[in-house]
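Computed from the coordinates by the stated procedures, all read-outs in this text should not be read as laboratory data. Because the structure is predicted, anything quoted here is derived from the model rather than measured. Cβ placement follows ideal geometry from the backbone for every residue including glycine, while neighbour counts extend to all protein chains displayed.
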């Protein structure tokens with residue numbers, strides 16, 4: 001793999017947030033990314049002996065089940081722009097004894113890999129964050145062999161309590177620390193129809209799109225906050241001044257579980273699959 005990485009400022013900033021969360025990412029006792037990753041591998045039909053690319057591999061929610069699916073005769077490459085995420089996932093791969101899996105630092109917008117190399121390209125919860133999703137999907141199309149499969153997941157719907165909790169936290173962020181509104185790049189993923197159309201514009205055929213709900217359980221609001229710290233939403237918490245944080249967390253507890261105790265949140269994930277034409 002080439003060491004040349006061309007990264008937009010927006011992608012760099014996003015990667016930095018995930019780099020800071022890498023040590024606890026998907027490691028706080030919440031079943032969230034794992035079930036989604038396993039389902040993506042299943043729906044993409046990954047088979048023994050295949051060559052698979054996992055874009056934005058994080059701590060291995062897609063990477064590890066893909067490695068299990070391809071078996072010892074296949075190969076899996078995972079790429080991520082967060083160096084600490086890559087280092088920790090490499091260690092996980094070594095501990096698991098998977099010599100046919102490698103993890104590299106690379107940009108999801110334009111992976112520096114040979115064309116027509118992979119039977120399957122998987123991108124779990126990453127493409128919608130990219131500044132330019134369409135060119136990225138076209139890049140993955142070039143990396144696929146004829147007849148190869150693409151599998152992408154995005155968020156279709158958040159649990160209303162999750163959205164309310166993040167909104168509650170955001171109200172404690174001083175105006176000078178607030179991030180500008182999104183540029184609208186998520187519009188392509190707003191509906192099943194628009195998501196399917198995006199894949200077709202990128203050159204994919206036999207496109208299917210389906211929304212699937214997943215339930216996550218938390219012991220209490222403190223467990224929820226620990227989980228928020230462990231992924232990209234930590235950017236909101238980092239923007240709250242330390243002296244305001246106790247009040248912000250108390251407000252979140254009131255939103256999520258006023259009487260204390262456990263809670264369950266349902267997240268709907270959109271699975272989009274497409275195929276590169278045989279010729």
(message) Springs between alpha-carbon pairs under 10 angstrom, Gaussian network model over the chain: which of 140, 158, 25 fluctuates most?
(response) 158
(request) Sum -39500 (n - 2.57) across every DSSP H segment of at least 4 residues in the chain, then divide by the residue count to get the 222 nm mean residue ellipticity, nearest 500. (result) -11500 deg cm²/dmol
(request) Just check the chain against the gyration tensor rule for me: Cα atoms, a ≥ b ≥ c as the square roots of the eigenvalues, rounded for a/c under 1.5, and otherwise prolate or oblate depending on whether a/b exceeds b/c. (result) prolate
(message) Highest mean first, how do 210-217, 234-241, 84-91 rank when packing is the count of other Cβ atoms within 10 Å averaged over residues?
(response) 84-91, 234-241, 210-217
(request) Only Cα pairs under 8 Å and at least 6 apart count here; give the relative contact order of the chain as a rounded whole percent. (result) 23
(message) With just the Cα atoms defining each centre, how far is region 55-85 from region 102-178? Give it in Å.
(response) 15
(request) For helix 33-44, report the angle its Cα long axis makes with the longest principal axis of the Cα atoms of the chain; keep it between 0 and 90° and round to the nearest 10°. (result) 30
(message) Classify region 1-141 from the C-alpha gyration tensor, please: rounded if a/c falls under 1.5, else prolate or oblate depending on whether a/b exceeds b/c.
(response) rounded
(message) Just to compare against my own numbers: the Cα pair-distance distribution for region 189-237, 5 Å bins, whole % per bin, please.
(response) 5, 16, 15, 12, 10, 14, 15, 9, 4, 0
